[in-house]
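The values are calculated or read from the model by the stated rules, or taken from the named source; none is laboratory data. Given the structure is predicted, the values throughout are model-derived calculations rather than measurements. So basically every Cβ, Gly included, is an ideal-geometry build from the backbone, and we count neighbours across all protein chains shown. Protein only, heavy atoms only, side chains kept; ligands, DNA and RNA dropped before computing areas. Shrake-Rupley method; radii C 1.70, N 1.55, O 1.52, S 1.80 Å.
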Amino acid sequence: MSSHTKVIVTCPKCNKEHSIRIWRSINTTLDPEMKAAVRDRSAFLFTCPSCDEKTYMDYGFLYHQMEDRIMIHYASTDENADEIYEMLNGNDPTGMITEMRKNNYLIRIVRSQNELREKIAIFDEGLDDRIIEIFKIYILATFQEDHPDCKQIETLYFRDGEKNLIQILADGESYGVAEIPDKFYKELCEEYRGKIPDIRKDEPYIDRQWALKTMGIG
């Protein structure tokens, strides 16, 4: 089942201290309601009992979608990311990762809650997150050409009705969305067939740097 612990936090508005629950791991097979709670961020929402101030908490944890053999590690710090990466590459004292590998798990490491929620959305649609990251590079190149002064650029997949879309955020502002044409997605799948491993055998970090390297750009 999912596991959690209690920590003391200080409300940023009234400065009162309260004990809250934070998640160490979330298992969506044993606690199915938690899947929606992660996707809409309500799992991380703290409402202060004293003043009703709402704050989203940020911390690392393991997201385990056991029914689909998907395990996503959210690492909120560099140190945590390094520890997880070492564990995935042999330093596995509990034997958990070895067992997951035997059962052909899809394993990822992400560095933000946005990225975690994006991965869940991608996999729920039966898409390949690697192809989505490659597509994003095309979107990024066009965006940077049109907006050369923008620095912090984030591109996030989401589904709206029957459309697969990429939201473009830059320097804290939304710059709209771009649709992923089904035909182009299929063409990219065909182009990279045989060039990249099976989705469940690839690197745990599938992000912009992975895409640039795979495309021979980075």
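Of the beta bridges in the chain, as assigned by DSSP with both residues counted there, near 75 percent are antiparallel. In this Cβ point-charge picture (+1 for Lys and Arg, -1 for Asp and Glu), the chain has a dipole of about 520 debye about its Cα centre. Here's how it looks for ILE109: its modeled amide H is under 5 Å from those of HIS73, TYR205, ILE206, which are all 5 or more places away or on a different chain.
I want to verify the translational diffusion coefficient of the chain in µm²/s; compute it with Stokes-Einstein, Rh as the Kirkwood radius over Cα pairs, at 20 °C and 1.002 mPa s.
The estimated diffusion coefficient comes to 112 µm²/s.
Bridging of LYS16 to lysines at a Cα separation below 26 Å is possible for LYS6, LYS54, once same-chain residues fewer than 8 apart are set aside. Under the simplified labelling scheme, the SER19-PHE184 pair shows an inter-label distance of 5.3 nm, with each label point 7 Å from Cα along Cα→Cβ. In terms of Cα atoms, the Rg and Dmax of region 32-110 work out to 15.4, 49 Å.
Heavy-atom accessible surface of VAL7, to the nearest 10 Å², is about 50 Å², with a 1.4 Å probe and all protein chains retained.
Sorted from greatest to least, the principal axis extents spanned by the alpha carbons of region 103-182 come out as 46, 28, 19 Å. What the phi angles of region 21-26 give under the Karplus curve with 6.51, -1.76 and 1.60, with θ = phi - 60°, is a coupling list of 8, 10, 8, 8, 8, 10 Hz, glycine and proline written as x.
Give, as a single signed number, the net charge of other residues whose beta carbon lies under 10 Å from the beta carbon of ARG159, with Lys and Arg counted +1 and Asp and Glu -1. Don't jump to the answer; show the numbers that get you there.
Details: positive: LYS163; negative: ASP124, GLU125, ASP160, GLU162.
Once positives and negatives cancel, what remains is -3.
Here r is the Cβ-Cβ distance between VAL7 and THR94 and R0 is 35 Å; the resulting FRET efficiency, rounded to 0.05, is 0.90.
Distances between placed amide hydrogens fall under 5 Å for ASN164 paired with ILE180, all partners being 5 or more residues away or on another chain. Most tightly packed first, judged by the mean number of other beta-carbon atoms within 10 Å of their residues, the peptides 166-175, 193-202 read 166-175, 193-202. Pairs of Lys residues in region 73-218, spaced 8 or more positions apart or belonging to different chains, with C-alpha separations under 23 angstrom: 25 in total.
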